[in-house]
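*Asks:* Below are the structure tokens for one structure; questions will follow.
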Amino acid sequence: MAATAVPYSDSESASDAPCVAPQQEQSTRQRRVVTGVVAAAALMATGAAVTVTKQANSSVQVDGALSAATTITTIEFEMSDMGCSDWETQKIGDYFPAAGPQACLDKCNAEPLCMFSNYMDQNCPDNGEWCAGTSSGSCYMFKGCTFEYNKYWNLYPSNNNPTTACSTISLNTGCANWHSIQMAPYPSEPFVTATEEDCYDACAATPDCKYGNWQKIENDKCPDDEPLGFPYASQQGKGACYMFNGECTGSKSTGIGEENVCWNLCSKVSSTTTTTL
């Protein structure tokens, strides 16, 4: 099911990049999917306690007269339209029906070996290979995952899998040394994600990932000064996602990466400049 990718060519360099006015960096924001709904007014009227719990295990308690508490759980990291190409070797047991993505994730959280839950949110025509014979509401638990685009599934890192969100997003940025720092060689990377945020969430859920690089425009909109290659893009086009585990080099004034109008870069690390006296 894996797609074929040819990343931007080795000829790419900071000097090749088109002149584009740099844009300011912006903070990344994680998708938060609220999976429980509480009638707050009714609960407060009866004096019930309400506990808000996040994946980071922080909570806020509103005191009330009743001992029972209603829990609202949020999913902090979600990779939409995402499955695992190695699902058969990574699965823990077989799939099972779950009432929703939170119920699926809760089962994974309770299993120490489970790093990801995979929830199917729609039926697959003919139950083909994308669905492995399952139906909407099915849940898998995985020990690990080689990310692969799959529009019928959503992927969630568990509490057993430490996640670190990107601290900054650098617009119009690639890495001059992308080929040597990519976490998985072709064809495993780049994989495709439905959104930019999904790419960065994949990096957040991968401990050794320092940077996520997402192609934001189609290849025909990317500069192409070589007739046989994609010097600024990937064969997969818009949605291609790289994860990097080394320092991203280039000549941008921020100290991270090089100018590349086709890509945005999320950083889990702060750039440092070393001066030799």
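*Asks:* State whether the residues of region 166-187 include one that is touching a helix residue (DSSP H, G or I) at 6+ places or on another chain (Cβ under 8 Å), under 28 Å from SER253 (Cβ atoms) and not aliphatic (A, V, I, L, M).
*Replies:* Within region 166-187, one or more residues are touching a helix residue (DSSP H, G or I) at 6+ places or on another chain (Cβ under 8 Å), under 28 Å from SER253 (Cβ atoms) and not aliphatic (A, V, I, L, M).
*Asks:* Could you list all residues from region 242-258 that are assigned to a strand (DSSP E or B) and either among the basic types (Lys, Arg) or under 19 Å from the mean Cα position of the chain (by Cα) (or both)?
*Replies:* Residues satisfying the conditions are TYR242, MET243, PHE244.
*Asks:* Residues in region 78-99 that are on the phi > 0 side of the Ramachandran plot and in contact (Cβ under 8 Å) with a residue 60 or more places away in the chain: how many?
*Replies:* Taking region 78-99 first, the residues on the phi > 0 side of the Ramachandran plot are 81, 93.
Add one more test, that the residue is in contact (Cβ under 8 Å) with a residue 60 or more places away in the chain, and what stays is 81.
Number satisfying all stated conditions: 1.
*Asks:* Somewhere in region 259-268, is a residue at pLDDT below 95, assigned to a loop (DSSP other than H, G, I, E, B), surrounded by fewer than 18 Cβ atoms within 10 Å (Cβ to Cβ) and not aromatic (Phe, Trp, Tyr)?
*Replies:* No, because not a single residue in region 259-268 is at pLDDT below 95, assigned to a loop (DSSP other than H, G, I, E, B), surrounded by fewer than 18 Cβ atoms within 10 Å (Cβ to Cβ) and not aromatic (Phe, Trp, Tyr).
*Asks:* Here's a follow-up. Before we move on, is SER188 of a type in the set (Ser, Thr, Tyr), in a loop (DSSP other than H, G, I, E, B) and farther than 19 Å from ASP94 by Cα?
*Replies:* yes
*Asks:* Does TRP153 satisfy the condition of being closer than 20 Å to THR249 by Cα, touching an Asp or Glu at 6+ places or on another chain (Cβ under 9 Å), hydrophobic (A, V, I, L, M, F, W, C) and surrounded by 24 or more Cβ atoms within 10 Å (Cβ to Cβ)?
*Replies:* It is false that TRP153 is closer than 20 Å to THR249 by Cα, touching an Asp or Glu at 6+ places or on another chain (Cβ under 9 Å), hydrophobic (A, V, I, L, M, F, W, C) and surrounded by 24 or more Cβ atoms within 10 Å (Cβ to Cβ).
The values are calculated or read from the model by the stated rules, or taken from the named source; none is laboratory data. All values derive from a computational prediction rather than experimental measurement. Cβ atoms come from the backbone with ideal geometry, glycine included; neighbour counts cover every protein chain shown.
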